[in-house]
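Below: the structure, in structure tokens.
Since every read-out is calculated from the coordinates, none of them should be taken as a lab result. Note that the structure is a prediction, hence the values are computed from the model and not measured. Here the Cβ positions follow ideal geometry from the backbone for every residue, glycine too, while neighbour counts run over all protein chains shown.
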Amino acid sequence: MCDPVSPIHQLLVPNNKSLSDLDVLSDPFVAPIHADFTGLPPTLVQMGGAEVMGDDIQEFTKRARMQGAHIELQVYDNMFHVFQASLPKTQHLDEAWDN
């Protein structure tokens, strides 16, 4: 299943930046994967199984856990980026909001 919300070609070079501008993506304010997670409160992360940024989300949770953060990662099969805001309502959508 493809992600209808975040096509991969739009994520590779965000906001029409040139390739020379991509070094900004190492900034933790732009790319939270590079942040210091010390003191992060307990966090719930939800992602769809068809999430276009799924690898990044899993790496984010891994790094945060390595720094002592308590993170629960929930993966919903066949769901896409921000599926929690999609319509029509689905079983996965209801489960995500209930959590």
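Want the number for residue 31 to residue 82: 0.36 nm per residue separation, take away the alpha-carbon distance, what's left?
Values: separation 51, 0.36 × 51 = 18.36 nm, distance 1.78 nm.
So the chain would gain 16.6 nm between residue 31 and residue 82.
How far apart, in nm, are two points set 7 Å out from the Cα along the Cα-to-Cβ line at residue 56 and at residue 91?
Placing both labels 7 Å along Cα→Cβ, they lie 3.1 nm apart.
Which order do peptides 63-71, 35-43, 76-84 fall in by mean Cβ count within 10 Å, highest first? Walk me through the numbers on the way to the answer.
On the way: 63-71: 14.2, 35-43: 11.6, 76-84: 17.2.
Per-residue Cβ counts within 10 Å, averaged per peptide and sorted highest first, yield 76-84, 63-71, 35-43.
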